[in-house]
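Shown next, in structure tokens, is the structure this report addresses.
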């Protein structure tokens, strides 16, 4: 089959619009996933046994089941409890909840690398616990876990293709529609692959730049 450039020219504007939806959805899920991860981590540090067990069970479920299934659960569960939201926001919620579970485990691992002497010194100075976390622990933790966070964010962007199953018109869904109309899968999917690569590369470059800017925390 001969490569048809005209098909690419025709499809590119539609695919770019789909890529915008993919990028906005993924970035929103990332922004929500970080506080979800922090919240889960804080819950794991609480004195409540039941709360810790519930959070631990949730994290195990999120990490031990396919994201595809989690997207379907969120999409069908929310309307059943009276929350009528669009498929776009259902996708964002599912992605952020999944990402938050992984981020909470990264934070827990990063905490072990923070020098205990710093936290003990802050406690000796009677610094409130919230200030210890905000000014001492969390900045160093996020500087330490930024490389795995980059991997998680990139994986989330690629995994966002799964939300096409609930009707979100993002990049993959748009490509499926164009292929069905043109019967030119090779050209369309090559362009889609290139667009995903560009987005992932840009996200990786951004996080690497942030990593260099926060390198000072890893030197202490």
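Nothing in this text is a laboratory measurement; each read-out follows from the coordinates by a stated rule. What you are looking at is a predicted structure, and each value in this text was computed from that prediction instead of being measured. Don't worry about glycine lacking a Cβ; one is built from the backbone with ideal geometry, like all the others, and counts go over all protein chains shown.
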Report summary line: In degrees rounded to 10, the 0-90 angle between helix 185-213 Cα long axis and the longest Cα principal axis of the chain is 20
Report summary line: If one compares the long axis through the Cα atoms of helix 67-80 with the longest principal axis of the Cα atoms of the chain, the angle in degrees, nearest 10, works out at 90
Report task. Can you pull the one-decimal nm distance between simple spin-label points at residue 27 and residue 131, each 7 Å off the Cα toward Cβ? Result -> 3.5
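Determine the gain in length on full extension of the stretch residue 9-residue 200; use 0.36 nm per residue of separation and subtract their C-alpha separation, reporting nm with one decimal.
The span from residue 9 to residue 200 would gain 66.5 nm if fully extended.
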Query raised in the report: Taking a quarter of the surface of the convex hull around the Cα atoms of segment 129-211, what do you get in nm²?
Result: 7.2
Query raised in the report: Within segment 156-177, what residues put their amide N at less than 19 Å from the label point 7 Å along the Cα-to-Cβ vector of residue 76?
Result: 162-168
Query raised in the report: If each of residue 16 and residue 50 carries a label point 7 Å out from its Cα toward its Cβ, how far apart are those two points in nm?
Result: 5.5
Query raised in the report: Any number yet on Rg/Rh for the chain, C-alpha, Kirkwood?
Result: 1.07
Report task. Calculate for the chain the 222 nm mean residue ellipticity that helices alone would give, adding -39,500 (n - 2.57) per DSSP H run of length 4 or more and normalising by residue count, nearest 500 deg cm²/dmol. Result -> -26500 deg cm²/dmol
Query raised in the report: Against the longest alpha carbon principal axis of the chain, how many degrees, from 0 to 90 and to the nearest 10, is the axis of helix 5-44 turned?
Result: 20
